Amino acid sequence: MTNGFFITFEGGEGCGKSTQARLLSEELNSQGYNTILTREPGGVSSAERIRKILVEGEKNSLFPMTELLLLFAARFEHVERKIKPELNNGNIVICDRFYDSSLAYQGYGHGIDLNKIEHLKSLTIDSFQPDLTFLLDLPVMEGLSRSKRTNNKELRFENMDVSFHEKLQNGFNQIAKNNSTRFSIIDASQSIEQIKKIILNIVLDKITINKEP
Ligand code: TMP
């Protein structure tokens, strides 16, 4: 049992979720909440080292199953060393991507059997899950062009075929439908300010954590 609140941001490449995660964290901090901003893969030093293997290099340098195993190794470190302790201290944890990305990218995108992914989940983080998840929904081509414009070094996934990105995008929408009480789907073609306001209102409506005095 934790007394914090766990929020995750999900979506395809270039959907703006990292910006929104940061804006939400800044806004909640300025309103007196204790907020920790983190990301996957990564968030702690061991998992950040794994991230480099996953996001850099040639698109075919890893088998999808290798990707999945590395992602869960990184996630286990992250959850045990950072996310759970912060939640147990009563903080709000905001994470840029989490387990739903593995279902979308490695499951729907690469075609790994979703039951195998569920099995790995139960072996590692078990029933641990976010309290609230935002899916930033944007047409695939728009997202890919936004993400390439940022001159990003982490291009391994961006460089995969458009059909891969379309599959994972459909996957995210399916996952959101299957978990409709946890998910809020946001139209990511709106302005940064509009999206920020919508997200903040949803969060303030749901959190019951006390602010710092
Ligand atoms: P980011 O660009 O949003 O920081 O995410 C890094 C990449 O890692 C992104 O291209 C998606 C990929 N990824 C997966 O394929 N599966 C996962 O479970 C996670 C967390 C990320």
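Please report the relative contact order for the stretch 133-213, taking Cα pairs under 8 Å with a sequence separation of at least 6, and give it as a percent rounded to a whole number.
44
Given Cα pairs under 8 Å that are at least 6 residues apart, what percent is the relative contact order of the stretch 66-179?
That works out to 35 percent.
Give me the distance in nm between label points sitting 7 Å out from Cα along the Cα-to-Cβ direction at GLU48 and ARG146, one decimal.
Calculated label separation equals 2.6 nm.
Output the direction-averaged projected area (hull surface divided by four) of the convex hull of the alpha-carbon atoms of the stretch 1-140, in nm².
Over all viewing directions, the stretch 1-140 projects a mean Cα-hull area of 8.5 nm².
Please give me the summed charge of the neighbours of LYS177: other residues whose Cβ is under 15 Å from its Cβ, Lys and Arg +1, Asp and Glu -1.
Charge balance in the 15 Å sphere: -2.
Where does the chain land at 222 nm, in deg cm²/dmol rounded to the nearest 500, when only DSSP H runs of n ≥ 4 count, each adding -39500 (n - 2.57), divided by all residues?
After summing the helix terms and dividing by the residues of the chain, the value is -14500 deg cm²/dmol.
Cross-link partners among lysines for LYS59, C-alpha distance below 21 Å, same-chain residues fewer than 8 apart left out?
Those lysines meeting the cut-off are LYS148, LYS153, LYS167.
Could you name the aspartates and glutamates in cross-link range of LYS84, using Cα to Cα under 17 Å and dropping any fewer than eight places away on the same chain?
Leaving aside aspartates and glutamates fewer than 8 places away in the same chain, those within reach of LYS84 are GLU40, ASP96, ASP126, ASP131.
Which net charge results when you count Lys and Arg as +1 and Asp and Glu as -1 among the other residues whose beta-carbon is under 9 Å from that of LEU136?
Result for the local shell: -2.
The numbers here are math on the coordinates, done by the rules we state, and not lab data. Predicted, not measured: the structure shown is a model, and the values here were computed from it. All Cβ positions, even for glycine, are placed from backbone atoms using ideal geometry, and neighbour counts span all protein chains on display.
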